[in-house]
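S.K.: One structure is given below, represented as structure tokens, and several questions about it will come after.
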Amino acid sequence: MPSHTIIIDTDPGQDDAVAIMLALASPELNVLAVTAVAGNVPLHRTEMNARMVVESSGRPDIPVYAGAVRPLLRELVTAEYVHGPTGIDGANLPEPTIPLAEGHAVQAIIRHVHDSPDPVTICPLGPLTNVALALLLDPSIAGNINQIVLMGGGYFAGGNVTPAAEFNIYVDPHAAEIVFTSGIDIVMLPLDVTHKALVTTDETKRFADLGNR
């Protein structure tokens, strides 16, 4: 039985793609939805990538919604120099056949949180625009959000865009402020953690030796 009910908000990105696949494969997680936001690449790519990853993970039952096309108050900064023009260059996944779910991601977050019989954990893997907009439009959702567990920021590791700023927070700092001051319990996985989550050459060989696709 799943012990956590979650919504994944994401801007895939190879790193996000791996996180989504692991979440969908976990028996401990009940994934209500995947919501896409502009970040590593523009929204038309992140929503397509999210659908590709969800479908390739064998979970076409999971709805994927498209959300904010830009940050709240500033122009979008992307990271094709890291992830390639598609956001998941090198993965060679087939084009998705599952359609986008109807409706905006922000409204979907609000609806799924209210409809869930169990408290929901929001898991943002990219800029916090969608989550901030959901909290602005309906602050009452905070009552059924257990935690926000996010990848973002940096404590002692510094930043990866400027000496102080990590990409997800840098892209939409105004959204980050809304989320951080919402009163919801927040767990941050900063660069300090991700810099230690390395995939070595030996581990890559072990994956290749599995012989599956």
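S.K.: Do the conditions hold for Glu102, that is, is it free of Cβ contacts under 8 Å to residues at least 12 places away in the same chain and within 25 Å of Ala17 (Cβ to Cβ)?
M.R.: Numbers: free of Cβ contacts under 8 Å to residues at least 12 places away in the same chain: yes; within 25 Å of Ala17 (Cβ to Cβ): yes.
The answer is yes for Glu102.
Listed here are the residues, each with its yes/no results for (1) more than 16 Å from the chain's Cα centre (by Cα); (2) closer than 26 Å to Ser26 by Cβ.
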| site | (1), (2) |
| --- | --- |
| Ile62 | no, yes |
| Tyr81 | yes, no |
| Ala91 | yes, yes |
| Leu125 | no, yes |
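S.K.: How about region 34-67: which of its residues are among the small types (Gly, Ala, Ser) and within 21 Å of Thr129 (Cα to Cα)?
M.R.: Step one: list which residues in region 34-67 are among the small types (Gly, Ala, Ser), which gives 36, 38-39, 50, 56-58, 66-67.
Scanning region 34-67 gives Ala36, Ala38, Gly39, Ala50, Ala66, Gly67.
S.K.: Being over 28 Å from Leu137 (Cβ atoms), in a loop (DSSP other than H, G, I, E, B) and modelled with pLDDT of 95 or more: is that true of Pro94 here?
M.R.: Details: over 28 Å from Leu137 (Cβ atoms): yes; in a loop (DSSP other than H, G, I, E, B): yes; modelled with pLDDT of 95 or more: no.
When the stated conditions are applied, Pro94 does not pass them.
For every residue, the table says whether it meets (1) at pLDDT below 95; (2) farther than 21 Å from Pro2 by Cβ; (3) surrounded by 21 or more Cβ atoms within 10 Å (Cβ to Cβ); (4) not β-branched (Val, Ile, Thr).
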| position | (1), (2), (3), (4) |
| --- | --- |
| Arg74 | no, yes, no, yes |
| Thr86 | yes, yes, no, no |
| Ala101 | no, no, no, yes |
| Pro124 | no, no, yes, yes |
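S.K.: Something else: Give the residue, chosen from Val41, Val34, Val53, that is β-branched (Val, Ile, Thr), within 21 Å of Gly84 (Cβ to Cβ), modelled with pLDDT of 95 or more and in a strand (DSSP E or B).
M.R.: Numbers: Val41 fails: in a strand (DSSP E or B); Val53 fails: in a strand (DSSP E or B).
Matching residue, one of Val41, Val34, Val53: Val34.
S.K.: Please find, within region 97-131, the residue that is nearest to Ile145 (Cα to Cα) out of those that are assigned to a loop (DSSP other than H, G, I, E, B) and among the small types (Gly, Ala, Ser). Walk me through how you get there before you give the answer.
M.R.: Initial filter on region 97-131 (assigned to a loop (DSSP other than H, G, I, E, B)): 97-103, 116-119, 125-128.
The next check asks that each one be among the small types (Gly, Ala, Ser); those that pass are 101, 103, 116, 126.
Values: Ala101: 22, Gly103: 21, Ser116: 10, Gly126: 18 Å.
Looking at the filtered set, the residue picked out is Ser116.
S.K.: Of the numbered conditions (1) touching a residue at least 40 places away in the same chain (Cβ under 8 Å); (2) among the aliphatic types (A, V, I, L, M); (3) over 23 Å from Leu189 (Cβ atoms), Val37 satisfies every one except a single condition; which is it?
M.R.: Single failed check for Val37: (3).
The values are calculated or read from the model by the stated rules, or taken from the named source; none is laboratory data. The structure displayed is predicted, hence computed values, not measured ones. Note that each Cβ is placed from the backbone with ideal geometry, even for glycine, and that neighbours are counted across all protein chains shown.
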